[in-house]
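**Student:** First the structure, then my questions, so here it is.
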Amino acid sequence: MRVTTLARTVWDQLTAATHQRTPFTLAWVATGSAPRAMILRAVDAPELFLATDRRSAKCAELAADPRIGVTVLDDDAGVQVRLRGVGDLVDDPVLRRRAWDSFGPGTRALFSAPLAPGTPIDEATDLTPDTDDATLFDRFAWLRIRVDEIDHLDLGVPGHRRHLMRRDDGWAARRVVP
């Protein structure tokens, strides 16, 4: 599949964000509820991968409706990229384990809460973190997003410049009104 220069630039920027902190490392991900900030963990174009808690609401939302949107912003350059596609949780135990093994202790600790994200608590709630690696791994979900569309908006040029690129069109960049 031929990939346009603009599409290749976007994929390269997304990939770079998984190896070092860049403006595209923090992605805003929207499923059926409010968008939430997540760290972009891996890119294998046309797929993005993020870590999440299997017990989170977004996992149930994706099971009901796999449509997903991701927005990244480079505020200094004035570039916003919106990606649309479908999401699912990777079931392959080898792929999940490979992702898990790439995480440091800080990332693994994100799965140590004994209760699901968003669970109401009070002063008496026991929030002693779990430390068993097998328990933490069971809570970990590897979210795969198959990107179907890239909407690239460059606010850093006079008059702004916007392009839409779709996987079905070989990522051909079509200029549209900003």
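**Student:** Could you list, in sequence order, all residues of the stretch 95-134 that are more than 20 Å from the chain's Cα centre (by Cα) and either surrounded by 13 or more Cβ atoms within 10 Å (Cβ to Cβ) or closer than 25 Å to Arg67 by Cα (or both)?
**Tutor:** Of everything in the stretch 95-134, those that are more than 20 Å from the chain's Cα centre (by Cα) and either surrounded by 13 or more Cβ atoms within 10 Å (Cβ to Cβ) or closer than 25 Å to Arg67 by Cα (or both) turn out to be Ser112, Ala113, Pro114, Thr119, Asp130.
**Student:** Condition first: assigned to a strand (DSSP E or B), within 24 Å of Leu155 (Cα to Cα) and in contact (Cβ under 8 Å) with a residue 12 or more places away in the chain. Now tell me which residues in the stretch 25-47 satisfy that.
**Tutor:** Once the filter is applied, which keeps residues that are assigned to a strand (DSSP E or B), within 24 Å of Leu155 (Cα to Cα) and in contact (Cβ under 8 Å) with a residue 12 or more places away in the chain, the stretch 25-47 yields Leu26, Ala27, Trp28, Val29, Ala30, Arg36, Met38, Ile39, Leu40.
**Student:** Quick test of your reading of the structure: Ala77 fulfils all but one of (1) of a type in the set (A, V, I, L, M); (2) assigned to a loop (DSSP other than H, G, I, E, B); (3) touching a strand residue (DSSP E or B) at 6+ places or on another chain (Cβ under 7 Å). Name the failing condition by number.
**Tutor:** Ala77 satisfies all of (1) of a type in the set (A, V, I, L, M); (2) assigned to a loop (DSSP other than H, G, I, E, B); (3) touching a strand residue (DSSP E or B) at 6+ places or on another chain (Cβ under 7 Å) except (3).
**Student:** What about Thr18, is it part of a loop (DSSP other than H, G, I, E, B), β-branched (Val, Ile, Thr), under 11 Å from the mean Cα position of the chain (by Cα) and surrounded by 13 or more Cβ atoms within 10 Å (Cβ to Cβ)?
**Tutor:** For Thr18, the condition - part of a loop (DSSP other than H, G, I, E, B), β-branched (Val, Ile, Thr), under 11 Å from the mean Cα position of the chain (by Cα) and surrounded by 13 or more Cβ atoms within 10 Å (Cβ to Cβ) - is met.
**Student:** For the stretch 135-157: of the residues being farther than 23 Å from Glu61 by Cα and hydrophobic (A, V, I, L, M, F, W, C), which is nearest to the chain's Cα centre (by Cα)?
**Tutor:** Leu153
**Student:** What single numbered condition from (1) more than 20 Å from His152 (Cα to Cα); (2) assigned to a strand (DSSP E or B) fails to hold for Glu61?
**Tutor:** (2)
**Student:** Go through (1) touching an Asp or Glu at 6+ places or on another chain (Cβ under 9 Å); (2) in contact (Cβ under 8 Å) with a residue 24 or more places away in the chain for Arg161 and report which single condition fails.
**Tutor:** Every listed condition holds for Arg161 apart from (2).
**Student:** Identify, from the list Leu143, Leu164, Leu155, the residue that is buried (at least 19 other Cβ atoms within 10 Å of the Cβ) and among the aliphatic types (A, V, I, L, M).
**Tutor:** None of the others qualify; the one that does is Leu143.
**Student:** On to the next question. Go over the candidates Gly118, Gly87 one by one and state the one that is touching a residue at least 12 places away in the same chain (Cβ under 8 Å), at positive phi and not in a helix (DSSP H, G or I).
**Tutor:** Only one candidate passes the filter, namely Gly118.
We did not get these values from a lab; they are worked out from the coordinates using the rules stated. What you see is a predicted model, and the numbers here were worked out from it, not measured in a lab. With ideal geometry, Cβ positions are generated from the backbone for all residues, glycine too; neighbour counts draw on all protein chains shown.
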